[in-house]
Amino acid sequence: MPTLTSLIPEPIKAPLRRMRRRRIHVYGVGAARTGTTTLASMFGQSYRAAHEADAARLIDLAIDGATSSASDAPRIRQAVVARDRRLHLEVEASHALAYVVDHLADAFPEARFIVTIREPLPWLRSRVAHHDRARTTSTAWQPYRDFFLHGRQGEFAEEERELEARGLCSLDVYLAQYADHYRRVFAAIEPSRRLVVRTHELNGSPPRIADFLGIQPDTLAIAHEQNAPKDVDPLATLDPDFVRSRIVAHSAEIVRDFFPESLASYGL
């Protein structure tokens with residue numbers, strides 16, 4: 001049964017959203033598979049929060065941001081500002097925002113950023129498994145995968161022919177995007193405006209997040225474990241030493257900076 005709100009035409013809803021005061025302005029800009037869905041849900045009980053809002057146009061904006069030159073900056077900034085005015089969210093979380101994060105930081109100096117980050121090996125396992133499942137179950141994000149993943153695929157190493165056979169990408173493709181994501185985010189956002197939260201610590205993070213944003217902790221919901229589908233692990237057939245070598249080639253600095261307790265497991 002439609003609600004009263006659902007019956008209001010979008011041209012009327014947009015100005016109504018803008019009339020509502022924005023109490024906080026937060027972007028969740030962690031990489032894919034680092035808890036951005038959970039982060040948005042933590043704010044959802046008290047704030048206007050969304051995960052991957054307006055996905056089709058967000059994907060277009062991300063690709064535009066990734067391929068832009070300095071001369072394109074005014075146009076992309078205008079698109080980012082127009083999108084913000086239209087959605088008028090208090091919290092938006094999506095990995096795709098990383099490709100326009102410099103424009104977000106510049107256009108909204110009052111905004112704060114929460115950067116979720118997952119240790120490279122479990123991240124890689126989750127990312128590849130999700131991509132494996134999405135090949136046959138998800139079409140909305142196919143343009144994103146075509147550009148950022150398949151569009152960057154070169155030769156496969158002999159050790160990862162199983163990934164090629166499954167229609168997936170090489171480890172270098174996934175890990176290069178992971179490393180590039182955090183380079184973009186940390187280069188664009190000064191430390192005083194960002195809070196880094198490790199994915200496995202999200203459940204206990206509401207007090208830290210509340211302190212960072214100057215809000216009451218009880219306005220945030222406790223993060224709960226997601227009942228994720230049981231994925232096949234495409235990495236299970238790969239040589240663990242090969243997997244570690246590719247992680248170290250791309251993400252050694254991330255391990256050193258954010259997961260020092262795991263240095264030995266990567267041979268660092």
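Numerical summary
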item	result
Selection from the range 78-103 of residues that are in a helix (DSSP H, G or I), farther than 17 Å from Ala187 by Cα and in contact with a helix residue (DSSP H, G or I) (Cβ under 8 Å, 6 or more places away or on another chain)	Ala79, Val80, Val81, Arg83, Asp84, Arg85, Arg86, Leu87
Single unsatisfied condition, Asp106 versus (1) within 18 Å of Gly35 (Cα to Cα); (2) of a type outside the set (A, V, I, L, M, F, W, C); (3) assigned to a helix (DSSP H, G or I)	(1)
Checking Pro234 against (1) closer than 21 Å to Ala49 by Cα; (2) at pLDDT below 95; (3) not hydroxyl-bearing (Ser, Thr, Tyr), the condition it does not meet	(1)
Unmet criterion (only one of (1) assigned to a helix (DSSP H, G or I); (2) at pLDDT 95 or above) for Arg133	(2)
Test: residue in the range 66-74 that is surrounded by fewer than 23 Cβ atoms within 10 Å (Cβ to Cβ), assigned to a helix (DSSP H, G or I) and touching a Phe, Trp or Tyr at 6+ places or on another chain (Cβ under 8 Å)	yes
Residue in the range 22-30 that is surrounded by 16 or more Cβ atoms within 10 Å (Cβ to Cβ), touching a strand residue (DSSP E or B) at 6+ places or on another chain (Cβ under 8 Å), over 18 Å from Pro143 (Cα atoms) and free of Cβ contacts under 8 Å to residues at least 60 places away in the same chain present	no
Qualifying residue in the range 178-185 (condition: crowded, with 16+ Cβ neighbours inside 10 Å, in contact (Cβ under 8 Å) with a residue 60 or more places away in the chain, closer than 15 Å to Ala98 by Cα and in contact with a Ser or Thr (Cβ under 8 Å, 6 or more places away or on another chain))	yes
Pick from the range 203-228, criterion at pLDDT below 95 and among the aliphatic types (A, V, I, L, M), ranking: nearest to Ala49 (Cα to Cα)	Ala221
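The values are calculated or read from the model by the stated rules, or taken from the named source; none is laboratory data. Note that the structure is a prediction, hence the values are computed from the model and not measured. Glycine gets a Cβ as well: all are built from the backbone with ideal geometry, and neighbour counts include every protein chain shown.
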